[in-house]
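Below is one structure, written out as structure tokens; the observations come after it.
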Amino acid sequence: MILASWRSIAWLIRRADVVLEVLDARDPISTRSRRLERMVKALGRKLIIVINKSDLVPRDVAEKWKKIFEDMGYYAVYMAARDHKGTRVLRRAIREVSDTTPTIVAVTGFPKTGKSTIINALKGRHAASTSPIPGSPGYTKQAQLYRIGENLYMIDTPGIIPVEGGPLESVLRGKPPEQLEDPVKPAMMLLERALRYNPLAVKEAYGIDETDPYKILELIALKRGWRYKTTGEPLIEEAAKAVIRDYHEGKLRFYVPPEEYLAKIREKKKTSTGEWV
Ligand SMILES: Nc1nc2c(ncn2[C@@H]2O[C@H](COP(=O)(O)OP(=O)(O)OP(=O)(O)O)[C@@H](O)[C@H]2O)c(=O)[nH]1
Ligand SMILES: [Mg+2]
């Protein structure tokens with residue numbers, strides 16, 4: 001996968017009138033980039049937060065996240081690009097914030113958030129390549145310009161924001177398992193997180209009734225017959241990669257509730273005003 005540098009992101013933003021920051025509705029806070037948001041503002045471009053994959057969360061959860069970003073002062077929409085849902089709302093948002101014709105929109109966001117799928121959905125037929133499996137040859141290779149309508153152009157880029165952060169953040173931000181030095185640790189963290197937010201997540205995805213992350217990986221490997229030929233031991237690494245891929249593809253089902261974020265913010269405010277200190 002080609003990861004863009006911040007310098008090339010600035011180059012891209014300069015070429016656009018409107019910038020979309022595509023987030024994953026299951027975990028919008030982990031998939032947002034404050035640095036990108038600051039850069040768009042500093043360069044005087046319009047930003048729209050696009051909460052994508054909203055089919056993977058209840059509707060009121062998507063609504064609440066939209067409101068949270070609006071309260072921060074952003075223009076925000078939610079959509080389910082793969083199901084072609086929310087395209088009209090996004091088109092309207094672009095029209096509303098843009099004051100130039102033709103409008104050039106740069107689609108940015110961490111890998112796998114659905115940037116190419118959004119462009120396809122807006123175009124109405126398949127134009128940009130999409131990549132169902134992280135690391136597959138479907139990756140968009142470089143910035144490409146697509147004509148969406150009479151006065152609307154969109155720039156697609158592969159995994160435009162460099163994936164920074166620890167092992168868990170890397171996978172939440174779409175880093176393909178093949179690129180991880182050790183997929184086991186992040187997979188275990190991901191399983192813990194999944195069970196915290198959806199106690200049935202592992203049972204639903206794998207039919208396994210177990211809460212210990214390492215044992216879950218063992219059982220997945222055994223269930224699928226992934227063993228070392230010599231010793232017969234389960235291939236934990238393969239199971240770990242599968243778990244990460246399953247999260248990227250929405251098969252391991254869980255989402256971060258907006259209430260948790262709101263509670264954190266309230267707590268922070270209290271502390272900073274000295275009420276609780
Ligand atoms: N459930 C769900 N999956 C989606 C949605 N949009 C995209 N996806 C899936 O997410 C995966 C990544 O989509 P892409 O459009 O390739 O993502 P991208 O941001 O262009 O990825 P890179 O180009 O690698 O940075 C694919 O498996 C899509 O089918 C959506 O609205 N809902
Ligand atoms: Mg893409």
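The values are calculated or read from the model by the stated rules, or taken from the named source; none is laboratory data. Computed from a predicted structure; not experimentally measured. With ideal geometry, Cβ positions are generated from the backbone for all residues, glycine too; neighbour counts draw on all protein chains shown.
Here are a few things to note about the model shown:
- Filter result for THR157 (closer than 26 Å to PRO28 by Cβ and polar (S, T, N, Q)): yes
- Selection count where residues are in contact with a strand residue (DSSP E or B) (Cβ under 7 Å, 6 or more places away or on another chain), away from ligand 1 (no atom under 13 Å from the Cβ), in a loop (DSSP other than H, G, I, E, B) and under 28 Å from VAL61 (Cα atoms), scope the stretch 1-32: 2
- Residue tally, condition assigned to a helix (DSSP H, G or I) and among the β-branched types (Val, Ile, Thr), over the stretch 53-67: 1
- Unmet requirement for VAL50, which otherwise passes all of (1) in a strand (DSSP E or B); (2) more than 17 Å from THR117 (Cβ to Cβ): (2)
- Members of the stretch 92-118 found to be within 16 Å of ligand 2 (Cβ to nearest atom), out of contact with any Leu (no Cβ under 7 Å at 6 or more places or on another chain), assigned to a loop (DSSP other than H, G, I, E, B) and not charged (D, E, K, R), listed by number: PHE110, PRO111, GLY114
- Taking the numbered list (1) at pLDDT below 95; (2) under 13 Å from the mean Cα position of the chain (by Cα); (3) on the phi > 0 side of the Ramachandran plot in turn, PRO111 passes all entries but (3).
- Filtered residue count, the stretch 114-165, keeping only those that are within 12 Å of ligand 1 (Cβ to nearest atom), among the charged types (D, E, K, R) and at pLDDT below 65: 1
- The selection criterion, being exposed (fewer than 15 other Cβ atoms within 10 Å of the Cβ) and either free of Cβ contacts under 8 Å to residues at least 40 places away in the same chain or in a helix (DSSP H, G or I) (or both), holds for VAL89.
- For the stretch 249-258, the criterion of being buried (at least 17 other Cβ atoms within 10 Å of the Cβ), at pLDDT 95 or above and assigned to a helix (DSSP H, G or I) is satisfied by at least one residue.
- LYS175 falls short on exactly one of the conditions (1) surrounded by 14 or more Cβ atoms within 10 Å (Cβ to Cβ); (2) touching a helix residue (DSSP H, G or I) at 6+ places or on another chain (Cβ under 7 Å), and that condition is (2).
- Options VAL77, VAL89, VAL50; residue that is of a type in the set (A, V, I, L, M, F, W, C) and closer than 23 Å to GLU169 by Cα: VAL50
- Residue within the stretch 178-188 that is within 22 Å of the chain's Cα centre (by Cα), in contact (Cβ under 8 Å) with a residue 60 or more places away in the chain and in a helix (DSSP H, G or I) present: yes
- GLU70 assigned to a helix (DSSP H, G or I), assigned by TED's automatic domain parsing to the domain that holds LYS41 and farther than 17 Å from LEU23 by Cβ: no
- Here TYR261 passes the criteria (1) buried (at least 18 other Cβ atoms within 10 Å of the Cβ); (2) not in a loop (DSSP other than H, G, I, E, B) except the one numbered (1).
- Any hit, the stretch 254-265, residues being in contact with a Pro (Cβ under 8 Å, 6 or more places away or on another chain) and acidic (Asp, Glu): no
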